[in-house]
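This report concerns only the one structure given below.
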Amino acid sequence: MKKVMAALMLAMVFLGLMPFAFARQGDSSGTQAQMDADSMQDGQPEPTLYRAGAGEGGLMPQRALEMERVQLRQIAASRLQVARQRFEAARNRYQTAKQNYANAQARITQTRARYNECKMEETAECNQVRKETKANARNLLVNGADRVIASLEKLKEKIELSDRLTEEEAAERIAEIDARIAELQEAKETAEELGEDSDPEDVKEAANQIRNTWQNTKRVMQMNAARVVNAKIGGVIVKSEKLQERLDNAVAKLSEEGQDTSEVEALIDEFSASVESAKNHYNLAMDKHEEARATEGDVSGIMKEATSHMQEAHKGLKEAHAVLAKVLRQMKATRAGQQALEEAESEEEGE
Amino acid sequence: MRKQLIFAALSLLVVSALLTGCAQPPAGPAEATDIDDDLKALEELDTDLDIAELDSLDKEFADLEAMFS
């Protein structure tokens, strides 16, 4: 009898766990299917054919396309997996370089005053201080370059993972980043050649080369990172608008059935206003983004404005999402509301 | 013993029903879950790309350059 009890207990555990597996599976496959369907609807050509600023009556301008589709390209699962692995590897390299950089910096801070005092002294102790400082300067520069390179590699993988960029735009941006990585590798190699006995002038030159390369890189990094974030925000806006259509349809059904929908309609208006505000800020951020790309030199000021609009857009979407939870709670509270939601969903899928 | 068996079978049903309820995706259509995930991913993106962390490099490289001048 003990065996029967043990078997029952085991069955209980397995049966209990099964719903988790199915729920996860159903969740992700449903979402992907919906997104794929959205992406390829109407048999339109591949999104990569669309370019920013394309003429009227011809190809759809990229921004309009971005506001139309949830996905701008389909990325194979295997490719996504490789990008995620590379991102993790770059993240680890970044952390190691950051730690080594901090160690070198701490040592330089400790010896900085003594190094300056030793400039006019030729003692054995001063020679040692000079040697150590140069070795630490080398480590600081090499790891500084490594930090930036690893950070650029992470950014590259984020671009690779974004289905909100067309294949063409992603390739263009990745090539831009690769060019910066190559430049930084070159500057890093110069720094790697430094040693305890290097001439101070060589250390200064290497530091200057890395600093200049970093200044040129910063612009590329800021703009591409902002683009990845903005593209994601654009995706949330599109999904929110599609969801709003469905909610409107569900409410219309309830209204036709004579149900009181005033409360839920007020919430949907609130949801819609927040999404609209997010969309306005998204567009303003995109304007700033385009302005930055067309501007030579330092774009920090423009990017700051773009970031501020993106933060506002993000805030608007978070507010919308909080209201959405209330809308769904209200609708699902009644059987009629639940049914109207399901019908709106199946009608949309049938279209 | 029969009582124990009935109790175990009932427990099985209750636990299974409870877990099924807990494992359901959050209320609402798939997009609602998607949006939730996207908003979380957005929060992480800034830290992931550590742009702010690298801001101090300018000054630090310049300080080093000055030190060896």
Checklist line | Net charge dipole size for segment A:233-350 [Lys, Arg +1 and Asp, Glu -1 on Cβ; Debye, nearest 20] | finding: 520
Next item on the list: Kindly state, to the nearest 0.05, the FRET efficiency for B:ASP55 paired with A:LYS326, given R0 = 30 Å and r defined as their beta-carbon distance.
Entry: 0.15
Check: Taking the mean number of other Cβ atoms within 10 Å as a proxy for protection, how do you rank A:336-342, A:190-196, A:160-166 from highest to lowest?
Finding: A:160-166, A:336-342, A:190-196
Checklist line | Sites A:ASP197 and A:SER308 - FRET efficiency at Förster radius 51 Å, r taken between beta-carbons, to 0.05 | finding: 0.55
Next item on the list: In debye, nearest 20, what is the charge dipole magnitude of segment A:77-198 about its Cα centre with +1 on Lys and Arg Cβ and -1 on Asp and Glu Cβ, if you could check?
Entry: 600
Note to self: Within 10 Å of each Cβ in B:34-45, how many Cβ atoms from other chains are there, averaged over the peptide?
What the structure shows: 6
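What does the net charge come to around A:GLN259 if you take all other residues with beta carbon closer than 13 Å to its beta carbon, with K and R at +1 and D and E at -1?
Here the charged neighbours net out to -3.
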Note to self: Report the Cα centroid-to-centroid distance between segment A:175-199 and segment A:60-92 in angstrom, as an integer.
What the structure shows: 30
Notebook entry, point to check: What ranking do A:93-105, A:146-158 get when scored by the average of other Cβ atoms within 10 Å per residue, highest first?
Noted result: A:146-158, A:93-105
Note to self: 7 Å from Cα along Cα→Cβ at both A:LYS315 and A:GLU347: what's the point-to-point distance in nm?
What the structure shows: 3.7
Note to self: Using 0.36 nm times the number of residues separating A:GLU176 and A:SER262, minus their current alpha carbon distance, what extension gain do you get?
What the structure shows: 25.7 nm
Check: How long is the gain from A:THR123 to A:GLU291 if the chain were fully straight, where each residue apart is worth 0.36 nm and the alpha carbon distance is subtracted?
Finding: 54.8 nm
Next item on the list: Pop the C-beta distance of A:GLU241 and B:LYS3 into the FRET formula with R0 = 45 Å and round what comes out to the nearest 0.05.
Entry: 0.20
Next item on the list: Within the set of other residues whose C-beta is less than 13 Å from the C-beta of A:LYS204, count the net charge using Lys and Arg as +1 and Asp and Glu as -1.
Entry: -3
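Where a number appears in this text, it was derived from the coordinates with a stated rule and is not lab data. Given the structure is predicted, the values throughout are model-derived calculations rather than measurements. Don't worry about glycine lacking a Cβ; one is built from the backbone with ideal geometry, like all the others, and counts go over all protein chains shown.
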